[in-house]
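J.: Please read through the structure below; I'll follow up with questions.
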Amino acid sequence: MRVLVVGNGAREDALSWRLAASPSCEAVFASPGNAGTASRGENWNIPATNGKALSSRCQQEAIDLVVLGPETAIAAGVGDRLRDAGIATFGPDRSAGRLESSKIFAKRFMERHEIPTARAVIVHSLIGGLKALDEWSGACVIKADGLASGKGVVVAAGVDEAREVLREWYGSNRIPGGGADVLLEEKLEGRELSVFAIGDGRALYPFASACDYKRAGDGDTGPNTGGMGAYSPPHGFPDDLDEQVRTRIIAPALRGLLTEGERYIGVLYCGLMWTPSGPYVIEFNARFGDPETQVLMPRVNGDFAAFLKSVADGALDPAAASLSDRACVGVVLATADYPASSTPPADLPSEIPVGQDVLGQSAHVFRGSSGGRVLTVTALADDLASAHSKAYEAVDEIMERFGSEAGLKFRRDIATV
Ligand code: AMP
Ligand code: GLY
């Protein structure tokens, strides 16, 4: 099989790595890709959102399977375009992708199908928002409707702070993501968990879960980021986690998709808050998580390319791939100015090792985008504590060799809190 991975982050490097190691995969390409994906196949110089150009290049290159990495590709309708051209694609079409690209669409979907989620009010203007806040008490989560690369959510401690956010967003006409609508949401308390279900258009199958660390600093301090580290499988959740997620979240989501005529092909990423009364959905995403994918791929056994192809063809083959019980920890190394901006460091690209150059087989370095989250260092081991120490040994080695020049920063507490 000839496979194309769309995107350029460490998530795509991890997908490309696992696909390339699949018995049925003969060649793996990436577009636009990064230094990691370039180490195992050609990178195409086509942006992830250009469905037309991707589709014609896929036809020229006889691509058998396309895996969509980022939400921008899904929201741009790249999945629709590729499927229209008869190319097997893992990743939903634009319509089903609204579960991620519109937080209001997702909230209404959850309300229609009785999926547990935070109570929310939808507002369309500053005046409407301030009025809703007059009746609010306590913390308030303010969310811009559209895709905003992690910058569209503010958790405000109280009503005054929430008013400030609305004034800034509406006053300066700078609502993250560029839309006009905003959700005001009750704050959920608990532990966060990312659950990945896979849809083949007929059903949704729970696939894997991971814990992601969203805040920039140790001890969950500092601004929200795309994710500074992750581990899998999750630790410290109830024994019946899978069953609760299946019955409360995945089953009603599937019923909802089917009754609304959506053929969901790809990953449904359920961002959950585990509250004292069970799991609630914080958000849906229509793709694999980053950095969660970097800790899931090392756990995958079997023929991952055949597995994703079966999904894209509309009949998931559960025998094609499985997840090992081993633990994987991933630490993100980011540029010093992340998440405020993502300036590429001058001297990184050629020097940082790719793949398993660090600590032999026990750690794996995935390359990210050129600025921002530039590397994810992962380690797989029999238990979480060993995976954690191996991952940090590899991080320390990289920092010693390259870190101070490159100005990279990372969290010290991934998989310990
Ligand atoms: P989102 O982009 O919707 O995942 O939000 C980004 C982050 O904001 C989440 O990972 C949570 O840490 C936090 N967040 C969003 N919504 C809520 C909520 N209703 N209650 C508590 N935290 C939230
Ligand atoms: N790690 C969070 C995300 O991929 O959205």
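The values are calculated or read from the model by the stated rules, or taken from the named source; none is laboratory data. All values reported here derive from a predicted model rather than from experimental measurement. Reconstructed Cβ throughout: ideal geometry from the backbone, glycine too, with neighbour counts over all protein chains shown. Please note that ligands, DNA and RNA were not included when accessible areas were found on the heavy atoms of the full protein model with its side chains. Shrake-Rupley method; radii C 1.70, N 1.55, O 1.52, S 1.80 Å.
J.: If I ask for residues that are in a loop (DSSP other than H, G, I, E, B) and free of Cβ contacts under 8 Å to residues at least 24 places away in the same chain, which ones from segment 136-169 would you list?
T.: Once the filter is applied, which keeps residues that are in a loop (DSSP other than H, G, I, E, B) and free of Cβ contacts under 8 Å to residues at least 24 places away in the same chain, segment 136-169 yields SER137, ALA157, GLY158.
J.: Does ALA208 fit the bill of being in contact (Cβ under 8 Å) with a residue 12 or more places away in the chain, more than 16 Å from ligand 2 (Cβ to nearest atom), touching a helix residue (DSSP H, G or I) at 6+ places or on another chain (Cβ under 9 Å) and not in a loop (DSSP other than H, G, I, E, B)?
T.: No: the conditions fail for ALA208.
J.: Right, something else. Looking only at residues that are polar (S, T, N, Q) and over 24 Å from SER341 (Cα atoms) in segment 379-417, which one is least open to solvent (accessible area, probe 1.4 Å)? Can you show your working first?
T.: Here is the first cut: in segment 379-417, the residues polar (S, T, N, Q) are 386, 389, 404, 416.
Retained after the next criterion (residues that are over 24 Å from SER341 (Cα atoms)): 386, 389, 416.
Working: SER386: 43, SER389: 59, THR416: 84 Å².
Filtering first and then ranking leaves SER386.
J.: Moving to a separate point now. So, in segment 258-270, how many residues would count as being surrounded by 13 or more Cβ atoms within 10 Å (Cβ to Cβ) and not in a loop (DSSP other than H, G, I, E, B)?
T.: 7
J.: Under 9 Å by Cβ, and 6 or more places apart or on different chains, what pairs join a residue from segment 272-293 that is within 30 Å of TRP17 (Cα to Cα) and of a type in the set (Lys, Arg) with one that is in a strand (DSSP E or B) and within 13 Å of ligand 1 (Cβ to nearest atom)?
T.: ARG287/TYR269
J.: Moving on to the next point. In segment 88-95, is there at least one residue being open to solvent by 10 Å² or more (accessible area, probe 1.4 Å) and among the polar types (S, T, N, Q)?
T.: Checking segment 88-95: at least one residue is open to solvent by 10 Å² or more (accessible area, probe 1.4 Å) and among the polar types (S, T, N, Q).
J.: Could you tell me which of the residues ALA197, ALA203, ALA251 is among the hydrophobic types (A, V, I, L, M, F, W, C), at pLDDT 95 or above and touching a strand residue (DSSP E or B) at 6+ places or on another chain (Cβ under 7 Å)? Talk me through it step by step, then tell me what you get.
T.: Values: ALA203 fails: touching a strand residue (DSSP E or B) at 6+ places or on another chain (Cβ under 7 Å); ALA251 fails: touching a strand residue (DSSP E or B) at 6+ places or on another chain (Cβ under 7 Å).
From the options ALA197, ALA203, ALA251, the qualifying one is ALA197.
J.: Take the residues in segment 2-31 that are of a type outside the set (S, T, N, Q), within 18 Å of the chain's Cα centre (by Cα) and part of a strand (DSSP E or B), then tell me which one is surrounded by the most Cβ atoms within 10 Å (Cβ to Cβ).
T.: VAL6
J.: Related question: State yes or no: is LEU130 more than 16 Å from ligand 2 (Cβ to nearest atom), of a type in the set (A, V, I, L, M) and open to solvent by 20 Å² or more (accessible area, probe 1.4 Å)?
T.: When the stated conditions are applied, LEU130 passes them.
J.: Residues in segment 101-121 that are surrounded by fewer than 19 Cβ atoms within 10 Å (Cβ to Cβ), over 17 Å from ARG246 (Cα atoms) and not hydrophobic (A, V, I, L, M, F, W, C): how many?
T.: Of the residues in that region, 4 qualify.
J.: Within segment 215-257, which residues are outside any helix (DSSP H, G or I) and polar (S, T, N, Q)?
T.: Within segment 215-257, THR221, ASN224, THR225, SER232 qualify.
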